[in-house]
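Values in this text are rule-based calculations from the coordinates and carry no lab data. What you see is a predicted model; the values in this text were computed from it and never measured. Counting neighbours? That spans all protein chains shown, and the Cβs are built from the backbone with ideal geometry, glycine included.
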């Protein structure tokens, strides 16, 4: 079942090594089928160069495995909480991509220093706190998802489709798995340039709000005029 | 019409991913035909791996589309102002290349620290100010071009064929699209080495004026002796 | 003899250039056959692109060459001391990989700043002191091994399968040559992100102990649940 | 004439882009034939991907072109002075490789921080001063060679086969063109790790003298035991 979903999720997963976002098995992509409420996700700890579409695991939002010969990614409970909290998304990515993870390890959100960032993400990319000992010792991966969801109760998850988890790494999302991967690439590039720009000018300030507005709304919303819309 | 122009502009655009200067669709090259006053430019938001020569858009300097099935790059009004202000150029490039953009985000011009820079660009590569709210809310892309043109009223656009736009990224130009791409590669390399050299020696000073003169005039002007001239 | 061992050690050695861990001949992998007590190791100073399985040198733990037309790696006495001191390992890697070597040259151990590190290595990756003049002028390579062994008398070599030698570079190990290479890749990635994260936040602190515990024990020991176990 | 020399010099030149040491035409290799006293060198400003063995230019040590359809590299007078001053070398390389050039622009020699450096170069890699206005306005390229030669009157050019020219870039040399390229690769790697190691530990000190001695003499001189000697 859901052969087409498994295929596109496989393809989105294979983009992670293509774009240099993963070492070994350090990343995963999922995508949800809105009709059935099932989602497909990468199996846990399987090498990218051995992966096939058929290896994708089909799960429901209660965490039951519907189909698949492998265990799903150990981050599956995080994906579930994000699908529950963000009704308009269709795909999720987790990586340990080098620059984004360096910011996460540093415990800092990524300020919006320019239009590359503003074209895709509206304002600072947040870094949510480390989980408490209780949260870690309990349902760790689920609690990671709940913490992200909590932050976005008061923030627009569609305007900022990315988050850093302190001492851990990034999650990104989008309308499907491919868009979530696209946002993971953007995040890595933005994270790299933000770090370098702080080295070049330690007193650097975020881009003016009107420039952030201009670039974000040039590509998003009713008045967008970028591309072939 | 202008089939040859579309072909060379296509080829110049394809050099951007080849040289690692663009992620996704974040860049564009144009080239002008001096006889007709028309220029060809990359369409907006079209993936490089799907691009064909036929996708190039032909525009005039009043901003009218002369030919093409796509919308032109959203940066087209910037290109137009540069063609109007810089009569001796034939090609323009815009990218978000990583190191040059980091300097632009940092809001700093790139000092001439050595002969790699001096071989191509005479003196500091300027970083022009961010646009005002009025300029951004108005004809943003045109105003970007006007601001660059304003700076070069009192500076030699042929001696420094590159500029950084604060919080945004670089533009470069040259006698045609290929030379503009060449200068974009040089800019990125120079931006990288300038940042690293400031880390290695925070007190570093620009190269002596006589060395800058020597290298620039070794390759440019009546007494050039570099290459096969 | 030991044709299979020579083949896998050859393959593990060839992974070093594949993963970008070595320049020229600056690295070596060995793997031990527990039954005979012999190990295979890369010959000294032979280019990777000319290497064949047959070029691997078979040694015993007393340092006698059992088979092979070449001299073994000059680091062979270090490998021998590690095999003697670490009974549960089957493979060893030495490289001059760029980021790990930069930490070694800096004389600092790598703090555990996040889960990428904690997934593989439990706590700080140590940097052992430089050898004394006597140790250097004597049996230098053997003394390097003895110094590492000394450190791990009071530390768990299975929980931290990597070490930096001050002013020199890293050694990693694992259950076989391939796992030792895997750990060398992890070390390099972790070293890179730790350096960048200190630049992004000079006041950064190691990840909380409970997070380090969680990630390490999620993948190791009786209660591991990562992967397909 | 000297067909074999042109072929090996061509091959050595083609290694520069292979190892990522040059952008466009920013580098050149030469090699001398001791019998005739002629040397072959890359032509000036010719693209690497159009280069053929036949394009190499044959020069004598008085600067006369003996054979070749192109102008020789504009750095030819520097090569000549080095061949005159360093009787035991057979090949010379000049590049603008990124890390080495960053040190040159910073005006600092590269301290010996570890064994990677010590394996090839004995002690700090010097950065010679910028030329004076008189030296620049006169026979600039020749004066560059004379300045390097001057430095090595009191220093061992065989023990340190590399130099940085302030605000310019590196030269390396060796027994032939290939060894000079080899040393250019080592220099770039050492320059990269030295810069990173100073960022990781701003108080870092050079490696102890006895370690530098050990590694250098392990590979060089009568008692060398590295490799297959």
When a/c reaches 1.5 or more, the comparison of a/b and b/c decides; with that in mind, is chain B rounded, prolate or oblate per its Cα gyration tensor? prolate
Given a cut-off of under 8 Å on Cα pairs at least six residues apart, what relative contact order in percent is computed for chain D? 22 percent
The alpha-carbon center of region B:176-229 and that of region D:155-229 are separated, in whole Å, by 27 Å
Suppose you put the label 7 Å out from Cα in the Cβ direction; list, shortest first and in nm with one decimal, how far residue B:223 is from each other copy's label. 5.5, 5.5, 7.8
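Quote the convex hull volume per residue of the protein assembly as shown, based on C-alpha atoms, as a whole number of Å³. Could you put the intermediate results ahead of the total?
On the way: hull volume 162.3 nm³, N = 916.
Per residue, the Cα convex hull of the protein assembly as shown comes to 177 Å³.
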Looking at the axis that maps chain C onto chain D, which chain C residue has the closest Cβ, and how far off is it in Å, rounded to a whole number? C:199, 5
Return D:219, A:69, B:214 ranked ascending by Cβ neighbour count within 10 Å, so the fewest neighbours appear first. A:69, D:219, B:214
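Which order do D:76, C:116 fall in if you start with the one that has the fewest other Cβ atoms within 10 Å? Walk me through the numbers before you get to the answer.
Values: D:76 22, C:116 25.
Fewest-to-most Cβ neighbours within 10 Å comes out as D:76, C:116.
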Hey, what number do you get for chain A at 222 nm if only DSSP H runs of n ≥ 4 count, each worth -39500 (n - 2.57), divided across all residues, to the nearest 500? -12500 deg cm²/dmol
Can you tell me the 0 to 90 degree angle between the C-alpha axis of helix B:3-18 and the longest principal axis of chain B, rounded to 10? 50 degrees
Rounded tilt (10° steps) of B:140-153 against the dominant C-alpha axis of chain B: 40 degrees
As an exercise, use a Förster radius of 56 Å and the Cβ-Cβ distance of residue B:60 and residue A:7 to find the FRET efficiency, rounded to the nearest 0.05. 0.80
If you fit an axis through the alpha-carbon atoms of helix A:177-200 and take the longest principal axis of the Cα set of chain A, what angle between them do you get, 0 to 90°, nearest 10? 40 degrees
So the FRET efficiency between residue A:159 and residue C:220, C-beta based with R0 = 41 Å and rounded to 0.05, is 0.55
Mind running the shape call on region A:1-124? Use the C-alpha gyration tensor, a ≥ b ≥ c as the square roots of the eigenvalues: rounded below 1.5 for a/c, prolate if a/b tops b/c, oblate otherwise. prolate
Shortest first, in nm, what separates the label point of residue A:66 from those of the same position in the other copies (7 Å along Cα→Cβ)? 5.5, 5.5, 7.8
Likely footprinting exposure, C:25, A:36, fewest C-beta neighbours within 10 Å first: A:36, C:25
Could you check the spin-label model distance between residue A:52 and residue C:149? Points 7 Å from the Cα along Cα→Cβ, value in nm. 4.8 nm
Put a point 7 Å out from Cα along the line to Cβ at residue C:84; what are the distances to that point in the other copies, in nm, shortest first? 5.8, 5.8, 8.2
